[in-house]
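The values are calculated or read from the model by the stated rules, or taken from the named source; none is laboratory data. No experiment lies behind these values; they were computed from the predicted model shown. A quick note on method: Cβ atoms are made from the backbone with ideal geometry, for glycine too, and the neighbour counts reach across all protein chains shown. Keep in mind that these areas ignore ligands, DNA and RNA; they rest on the heavy atoms of the full protein, side chains included. Shrake-Rupley method; radii C 1.70, N 1.55, O 1.52, S 1.80 Å.
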Amino acid sequence: MSRPKTAAVRKSLLRIPDGRTKSSANEFGKYEGNPDFVLSLARGIRVIESFEQHTEGLSVAEVARHAGFSRAAVRRLLITLELLGYAGTDGRVYSLKTPVLKLGFSYLSSTSIPSAAQPILEHITEVVHESSSVSILEGDNIVYVARASAKRVMSVGLSIGSRLPAYCTSMGRVLLAALPEAELASYVLRAKLEPLTPKTVTDKTRLSQIICDVKSKDFSVADEELEIGLRSIAVPIRSRQNRVVAAMNIGVHAARVSMEDMLERFLPVLRENARILGNILP
């Protein structure tokens, strides 16, 4: 029987080359000594995540920089992914292949939210002629799990699986408002509030006040904080146990739809359809 890896060996597996990020190593370091934590699996997942928003592919060195691992470790992981059909290479750069979608579809098929939300979102978009979405909170970001598009309203296209920062999005603030006080305080403390536009709220005290207001009003509006020209409104989706499980929003061109219209026309539609979705979730 093979003996468990010692702490020294575990640390060597997390070796960070000079000038590379230490975020992944620090993240995995908290599991040091846990015999049930499979480090190689965690590293493989991190390598896959490194390709997000890199449609042209990445070299071994670039993946190593993004993932925070040595080039030798990354090379072995990429070769393994290639042999399994999840990645391919032209000899210089690697890119993910379509079988990796099965990993995401495994989630979509294991939860009722996406399948239940899709027809409801399509109905909303048909009624208001604007794009609508449902997302969940994952770490410090929101992740889109269902979406119905009308016209493109953002320069960066959104689709199922897209991730956006929670602090400057309407759905993100709705989901943050549902967190227990201790978890919300921890988020605000660690969050890096980048000024994505001149309108982005970057003051933590002000953000806390906004989230408190969202909790009171039970909806959130983000006015050109993520992208100039984009305005959105969101409400929470509650399960039959009255637990916030996701958020639903409508996004519009700010020049076309006023804030008053958002509140008068779209908020009632969102609330009614969020209620319908929540009632059919387990």
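In whole Hz, what ³J(HN,Hα) sequence does segment 133-142 give by Karplus (6.51, -1.76, 1.60; θ = phi - 60°), x for Gly and Pro?
8, 10, 9, 10, 8, 9, x, 9, 10, 9
Any idea how far the Cα center of segment 206-281 sits from the one of segment 39-78, in Å?
36 Å
Amide H of A191: which non-local residues (sequence gap of 5 or more, or other chain) have their own amide H closer than 5 Å, using H built in the peptide plane?
none
Write out the GluC sites (Glu not before Pro) in segment 221-282 meeting two conditions: DSSP loop, and at most 10 other Cβ atoms within 10 Å of their Cβ. Intermediate values should be presented prior to the final figure.
Working: sites: E224, E225, E227, E260, E264, E272; in loops: E224, E225, E227.
The qualifying sites: there are none.
Only loop residues by DSSP count here, and only those with at most 13 other Cβ atoms within 10 Å; note down the GluC sites (Glu not before Pro) in segment 56-135 that meet that. It would help to have the intermediate numbers written out before the result.
Details: sites: E56, E62, E82, E122, E126, E130; in loops: E56, E130.
When the GluC sites (Glu not before Pro) of segment 56-135 are filtered for loop state and at most 13 Cβ neighbours within 10 Å, E56 remain.
Rounded to the nearest whole Å², what accessible area per residue is found for segment 165-258 with the 1.4 Å probe?
47 Å²
Hand me the trypsin sites (Lys or Arg not before Pro) from segment 77-106 located in a DSSP loop with no more than 10 other Cβ atoms within 10 Å, in residue order please.
R92
Per DSSP H run of at least 4 residues, take -39500 (n - 2.57); add these up for the chain, divide by its residues and hand me the 222 nm value, nearest 500 deg cm²/dmol.
When only DSSP H runs of four or more count, the value is -12500 deg cm²/dmol.
Hey, what's the per residue convex hull volume over the C-alpha atoms of the chain, in cubic angstrom?
Values: hull volume 47.6 nm³, N = 282.
In the chain, the Cα convex hull volume per residue is 169 Å³.
Which is farthest toward the positive dipole end of the chain among V235, V60, I113, measuring Cα position about the Cα centre, with Cβ charges +1 (Lys, Arg) and -1 (Asp, Glu)?
Checking the options against the dipole of the chain, the answer is V60.
Leaving ligands, DNA and RNA out of it, report the carbon-plus-sulfur percent of the accessible area of segment 146-271 at a 1.4 Å probe.
52 percent
Just to be sure I understand: with springs between alpha-carbon atoms less than 10 Å apart, which residue in S131, S232, S216 has the highest mean-square fluctuation in the Gaussian network model of the chain?
S216
Once a ≥ b ≥ c are taken as the square roots of the eigenvalues of the Cα gyration tensor of segment 233-282, is the result rounded (a/c under 1.5), prolate (a/b larger than b/c) or oblate (a/b not larger than b/c)?
Prolate shape, in that a/c is at least 1.5 and a/b is the bigger ratio.
Please give the length that would be gained between L84 and V127 if that part of the chain were fully extended, namely 0.36 nm times their separation in residues minus their C-alpha to C-alpha distance (nm, one decimal).
Length gained between L84 and V127: 11.0 nm.
Between K97 and S186, what is the spin-label point distance in nm, taking each point 7 Å from the Cα along the Cα→C-beta axis?
Going from the K97 label point to the S186 one covers 4.0 nm.
Just to be sure I follow the definition: excluding the sites themselves, where is the longest run in the chain that has none of the chymotrypsin sites (Phe, Trp or Tyr not before Pro) in a DSSP loop with at most 15 other Cβ atoms within 10 Å?
The longest uninterrupted stretch comes out as 38-282.
Over every pair of different alpha-carbon atoms in segment 195-252, take the mean of 1/r and invert it; report that Kirkwood radius in Å. Before the final figure, lay out each step's value.
Working: mean 1/r = 0.0799 Å⁻¹.
For segment 195-252, the Kirkwood estimate is 12.5 Å.
Comparing R271, R206, R238, which has the greatest mean-square fluctuation in the GNM of the chain with Cα pairs linked when under 10 Å apart?
Most flexible of the set in this elastic network: R206.
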